[in-house]
Structure formats: C-alpha cells, structure tokens
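Working notes for the structure below.
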Amino acid sequence: MDKRRDTFIGEILVDREVVSAEKLDEALKTRASKGGSLVETLLSSNAVDEKKLWAVVAEEMDLEFKEKIRADEVDMDLFAKVPVSFAKSNRILPLSEVGGDVRVACGNPFDLGALDVVQALLGKPVVPVVVPRDAIVEAINEVYERKTDGDELGDKEHSSEEELTDLIDAEDEAPIIRWVNSLFFEAIKRRASDIHIEPLEREVGVRYRVDGVLHQAKKANKAFLPSIISRVKILAKLNIAEKRLPQDGRIGLKIAGKSIDVRVSTIPTSQGERVVMRLLDKESVLHDVSDLGFWPDHYNLFHGLIRRPHGIILVTGPTGSGKTTTLYAGLQQINSPDRNILTVEDPVEYDIEGIGQVHVNPKINLTFSGGLRAFLRQDPDVIMVGEIRDRETAEIAIQASLTGHLVLSTIHTNDAAGALTRLVEMDIEPFLVASSILGIQAQRLVRLLCPSCKMLFHPSQEQLRELGVDLKNPYVLPPRPKSPIYLSGWEKLRPLVPLKSGQLALYQAVGCDECMGTGYRGRTGIYEMVMITDEVRNHVLRNADSNTIKRVAKEEGMISLRDDGVRKVLSGETTIEEVLRVTHEDAH
C-alpha cells in the first residue's frame, strides 16, 4: 500500500513540477535502501520545498492547507487535552471544533497513528489540516507562551534538574516558573540576544535586545520581583540569599529542541536586583568569513592577514559589535590538522573542533596574560587572546608575534587607528607596535532591512549630505589605493549608482509581521581596515596621534566605517538612519 501511495505521490509531484524526475528517482532509491516513506525521504534530503509539497498533496487529498497558524486560532481547551511533548514530537495540534468535528493541524496527513491518538484524547472525530512542520512547532511555542502569559505570578519553586529538559515539555504548575520560562520562549521567538529584567518604581519591566536594539516586552507586579529573581538564580545556581553583591552564573536550557547557553549577571540597585541574561545558541553554525558582510576589498585584506605566518591582527569596536564572531570565523577558516591553534577567552562562547580553548578564571589567577604565557610552551602556530586589556598581555602578545606566532585579539577603541595609540598609551614601545602589528580592523553591526517590507524612497539632499554622499556623483569606485597593500580586492569592486528615473533611490524600513514591526531582520558588519604600510609605520614610530594615523591610512587607500556603511545603504542592505546611528563618531 505504501509503495503504491508513494508511486502515486511521486507522479503527482513530478507532474506539478514540485520535484524533478531525477531527484524523485534518487529519493526512491534512498527509500528502498533505508526505508521510510517517499515524503520523509524528499524532505530530509531537501529535494523539495515543504510548502509546495504539502500544498499539492492537500489539494489532491481534498484537504485544507495552511502555511501558518496564529496562536489565536487554537482553542485553548482542546490544546490542554493533548500533551505538549506529544504534539511537538508528532507535529500535530488541535485547532478548533466545527460541527462536532475537530480540525487538527498535522505535519504529515499520512500519519494516521498520531491522528488516531488525538481523536482518542479529544473524544471526537478529527479532520486533518495540512501545515508545514516548522509552522506547527512555532504555533505550539506561541500557544504555550500565550497560556503562560495568562498565569498569575506566585511563589518560587524548586531548583531545576541537572539533565536538560525541553521547557516546552515542562509541566510545572507554579506560575513563577511558567512566567520565567515564557521569557525564554519569547526571546527565542524574537531572535533576542539579551533579556533584561529591570525593577522599576511600581513594576518589573522586561526588555529584549533584538538586532542590537532594546525593545519593551512585558511587565509584572513589583511584588513578584523577589520570586522572579530567585527563580533565575536557582536556574543559574547562584546564591539566592545574597542580594547585596553582583553575581554571575550560567544556565543550560533546551527550548523547542534547541540547546541554549544563558550567561546570567545580577546587580543590586536602589529599586531591587536587576538581571541581564545573554543567550547563545550552542547549535548555531559558526560564520564563515564570507558570511560576515565584507566587500571584496575588505574580504581580501582580512583573508590575506589570517594566512600570515606571524604578527598581530587586532579587531576593535564596542561591546556587541561582533568582534568575537569575526575572530571565530577567521580561526574556522584557517583551522586545519597541520596548525596548532589555542585560544584564551572570557568566556568560551562556542566550541570549535580541533582548537584548544581555555576559559579565563581570575579567582585562580588564570588571566589572559597567564594563559598566553602558558600557551608559548604548548608549541602553538596561532593564538587567539580574547582581549588585550593591560600592558602585560600586550607585551606577551607582541613577544609571541615576534617569535613566529600569529596572534589574533580584540581591543576596545572607537576606530582602527586608535588601537595603535592605545597600545603606546599602555607603555608599549612604538617600535614594537610598528614591527609586530599587521593590520587592525574596526567594525560595527548595522541592522539589515527586512526583505518582506522594505520600500524604495527618494532621500532628501539633507539626508545625503549628512551621510557624506556626493550629490552630483552618488557613488563611484573609490580612488585607486596609493599603497599596493590596499589593491587586493579593489579591482573586484563595481560602481554603485542605484538611480531610478534619474533620481537616487534608496530603501527605508517599514515594518511587518515577519520583522515584528521593526522594519529590520538580522545584522551585518561594516568595517574599516588599517594596514601597517610604510607610511603608517613611520607615523607610529613618531608617536603620531590617532587622527593623523587615520588621515594617512585614508590617503593610502583605507575605506572608513562611514564609507563602508554608505556602500551598504546604496546596495539596499540597510538604511541611512542605521549607518548614522553606529558611525556617529566617524562623521565626515
């Protein structure tokens, strides 16, 4: 029966051009050798678009098809009768009762066993509604969150178990536990990087940082602040009795099948304790250098630097500007069995196979400088230091670079040129700085326009002037670099002149459901790279200030942060407002 059904489905999918005959033949061979159904084989091999597949199948079976489910479409009484863990694992969700039958969203209408179980749980006949699997899981998360939002807050409950349990499967009835869990659900749904729990005068406020910007999320009565803070502390294994001192901890969570690492920081304030939690998706794929938003000239410069045998590469920028991500991407690209790569970090954010990673621990005097000094006895080829904060770390890093090691690190300065003067201010001799540094990259993150709702508009002359765009010649290739170092990649640049009807047209943020009304979805980097040319080296040796070094670097061919941002605006990736927001100190 299954083979006849698969043959029938295969013929329909090919006839409707959902899948090619070649891919269908491959899927049939795989199914014959490994078992399973044709549909499962096609979906697992990404040979077919799931929405198109189920739309065709639903039409042929005379069933209703929905691309998405809204939380308000789900009858909460029906939802309560089906265990969440069963619903999620079987991609099935009761929606509503119509004429004595229950409409049930299912990710596979051929899974009659799961439909029979739901029918038994509800005690009523069920009518399948075909919905893509991910849309069902997303709807389950939203409905569960809606359920927890209706709870009244209560007292704190027992501590979490050692073994990670998916929070969606948790069956705790304590409102505080459900309320705190809902913070994590909503954060994952919004793609938030941080959760802020803040005591206000009369209430507790929660804000999420999404794409680098904080957004108000929810509130609770101020009376529940101690219970909320205690619940978070229990999860993070902190001292719930200590309310006068800052504390740091970590939480390991599993949400909707994803393993999430949460870094927790608490501090006492005049209104009560304040908590900030940073979320790291442990299963997220590390970025490749080509995914960081480099233009060809910057990509070639960075790509060339990380392949140098020795020297120091620095990445600068404020907290949250993606410095660590850039370093990880660089390490990932040069990671190979013939290289010994070691890192000392605070903390180790992502594990990279084949690289020795050390977490600093000031309590036992394991600092950046201490870890770096120990690394030199481990026969390394490449060393990454999380941050150069003091003279001792800087001196050891320079010593390592001069003795044949490639050193990657970060330093907190506003621009690339400022890193050179910052090292001199640490009492590092200018000749050591000039001879050891290969290049310094400054970076910022700008929000990407939501592709679903971005809209063309004609900017005013004032907006273009503020951005530094030449009104007569909106954008052409930058001048040919004076230094041959900057020529790498320059030849691959193409002029950007996005003219519509003779007038410059850019994109602006609008806002829709896909981007939760912000107009932006995701982020990309903008960069400037100061290469240590002969001219720059001479100015470093003369103790020149950062403004002078920056001017010289631009004359040599450096593209500034603001100019790189202009390229992103003119190519339709971001907005004028975003670039101005993150490069205010780099104004022309």
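The values are calculated or read from the model by the stated rules, or taken from the named source; none is laboratory data. Everything quoted here is computed from the prediction, not taken from an experiment. For neighbour counting, all protein chains shown are included, and Cβ atoms are generated from backbone atoms with ideal geometry for every residue, glycine included. The protein model used for the area step is the full one, side chains on, heavy atoms only, and it has no ligands, DNA or RNA in it. Shrake-Rupley method; radii C 1.70, N 1.55, O 1.52, S 1.80 Å.
Out of segment 49-61, which residues are of a type in the set (Asp, Glu) and not in a helix (DSSP H, G or I)? Walk me through it before giving the result.
Taking segment 49-61 as the starting set, the residues that turn out to be of a type in the set (Asp, Glu) are 49-50, 59-60.
Passing the criteria: only Asp49.
Look through Leu464, Leu406, Leu456 and report the one residue that is modelled with pLDDT of 95 or more, more than 21 Å from Ser321 (Cβ to Cβ) and hydrophobic (A, V, I, L, M, F, W, C).
Numbers: Leu464 fails: modelled with pLDDT of 95 or more; Leu456 fails: modelled with pLDDT of 95 or more.
After applying the criteria, what remains is Leu406.
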Phe294: passes all of (1) over 30 Å from Leu487 (Cβ atoms); (2) open to solvent by less than 40 Å² (accessible area, probe 1.4 Å); (3) in contact (Cβ under 8 Å) with a residue 40 or more places away in the chain but (1)
Being of a type outside the set (Ser, Thr, Tyr) and exposed (fewer than 14 other Cβ atoms within 10 Å of the Cβ) narrows it down to one of Ala220, Ala236, Ala241, so name that one.
Ala241
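Would it be correct to say that Glu142 is touching a residue at least 60 places away in the same chain (Cβ under 8 Å), acidic (Asp, Glu), under 30 Å from Glu17 (Cβ atoms) and not in a strand (DSSP E or B)?
Numbers: touching a residue at least 60 places away in the same chain (Cβ under 8 Å): yes; acidic (Asp, Glu): yes; under 30 Å from Glu17 (Cβ atoms): no; not in a strand (DSSP E or B): yes.
The answer is no for Glu142.
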For Val276, only one of the following conditions fails: (1) in a strand (DSSP E or B); (2) more than 20 Å from the chain's Cα centre (by Cα); (3) surrounded by 16 or more Cβ atoms within 10 Å (Cβ to Cβ). What is its number?
(2)
Within segment 352-380, track down each residue that is in contact (Cβ under 8 Å) with a residue 60 or more places away in the chain and open to solvent by 60 Å² or more (accessible area, probe 1.4 Å).
none
With respect to the numbered conditions (1) open to solvent by 20 Å² or more (accessible area, probe 1.4 Å); (2) touching a helix residue (DSSP H, G or I) at 6+ places or on another chain (Cβ under 7 Å); (3) of a type in the set (A, V, I, L, M), which one is the sole condition not fulfilled by Val536?
(1)
Members of segment 185-214 found to be free of Cβ contacts under 8 Å to residues at least 24 places away in the same chain, over 19 Å from Ile251 (Cβ atoms) and assigned to a strand (DSSP E or B), listed by number:
Glu203, Gly205, Leu214
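Confirm whether Gln332 is within 20 Å of Asp261 (Cβ to Cβ), modelled with pLDDT of 85 or more, touching a strand residue (DSSP E or B) at 6+ places or on another chain (Cβ under 6 Å) and open to solvent by 20 Å² or more (accessible area, probe 1.4 Å).
On the way: within 20 Å of Asp261 (Cβ to Cβ): yes; modelled with pLDDT of 85 or more: yes; touching a strand residue (DSSP E or B) at 6+ places or on another chain (Cβ under 6 Å): no; open to solvent by 20 Å² or more (accessible area, probe 1.4 Å): yes.
Answer is no for this residue.
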Could you go through segment 79-89 and let me know if any residue there is crowded, with 17+ Cβ neighbours inside 10 Å, under 19 Å from Ile140 (Cβ atoms) and at pLDDT below 80.
yes
Single residue of segment 120-148 satisfying the filter (open to solvent by less than 30 Å² (accessible area, probe 1.4 Å), farther than 12 Å from Ala105 by Cα and not aliphatic (A, V, I, L, M)) that is modelled with the lowest pLDDT
Thr148
Whichever residue in segment 545-560 is more than 32 Å from the chain's Cα centre (by Cα) and without any contact (Cβ under 8 Å) to a residue 40 or more places away in the chain and, among such residues, is most open to solvent (accessible area, probe 1.4 Å):
Arg551
Quick one: Gly322 ticks every box in (1) at pLDDT 85 or above; (2) at negative phi except a single one, so which number is it?
(2)
Restricting the search to segment 338-351, which residues are under 26 Å from the mean Cα position of the chain (by Cα) and surrounded by 14 or more Cβ atoms within 10 Å (Cβ to Cβ)?
Ile341, Leu342, Thr343, Val344, Glu345, Asp346, Pro347, Val348, Glu349, Tyr350
Filter segment 1-48 down to residues that are closer than 18 Å to Asp111 by Cα and part of a loop (DSSP other than H, G, I, E, B) and give me whichever is modelled with the lowest pLDDT.
Met1
Can Gly293 be described as touching a helix residue (DSSP H, G or I) at 6+ places or on another chain (Cβ under 9 Å) and in a loop (DSSP other than H, G, I, E, B)?
yes
